[in-house]
Structures are given as C-alpha cells and as structure tokens.
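A short reminder: the numbers here are calculations on the coordinates, not readings from a lab. All values derive from a computational prediction rather than experimental measurement. Virtual Cβ from ideal backbone geometry, glycine too; neighbours counted across all protein chains shown.
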Amino acid sequence: MANSYNNPQAPKGMRIMFGIFMVIVYLIVGLLFILDVFNIDNQTISIVVGSILIVYGIWRGYRLYVGRQ
C-alpha cells in the first residue's frame, strides 16, 4: 500500500502494535521517574518529568484509539 506520494508505508497492524508499545513505554518510564528509580537528586524534577511522560503516554494512547475508528 502506498500513500499519495508513492512512498511505501508500514502495514497498518504493525503501526498499531508499535503505537501500543510506545504508549506502554511512556507510561512505564513515567512511573519509574515518579518512583525515583533513576535516583535523580531533585525529587520535584523527577515527579514533573514522570508526570509529563505519563500524560504524554495517555495522549498517544487516546490518539491511537481515535485514529483507529
């Protein structure tokens, strides 16, 4: 299957699987930041970065869900 510029695209199922994988990665890494597994000296920065990663993972999951319909 090709797009309008005649460039090949990955199969749809593979793109969805990669999207799901990335959502899980963002959520897990965000949780690890919040739980201070990476031993960052400043707890506030760790919580902020973890929260941003979790919110971004949820946003990607929402976009993946809406894009499938």
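Extension gain, V37 to R63, is 6.5 nm, computed as 0.36 nm per intervening residue step minus the present C-alpha separation. Over all distinct Cα-Cα pairs of the range 23-68, the Kirkwood formula returns a hydrodynamic radius of 10.7 Å.
Between V48 and K12, full extension at 0.36 nm per residue minus the direct alpha carbon distance yields a gain of 9.6 nm.
Among V25, V49, V66, the ranking by other beta carbons within 10 Å of each residue's beta carbon, starting with the fewest, stands as V66, V25, V49.
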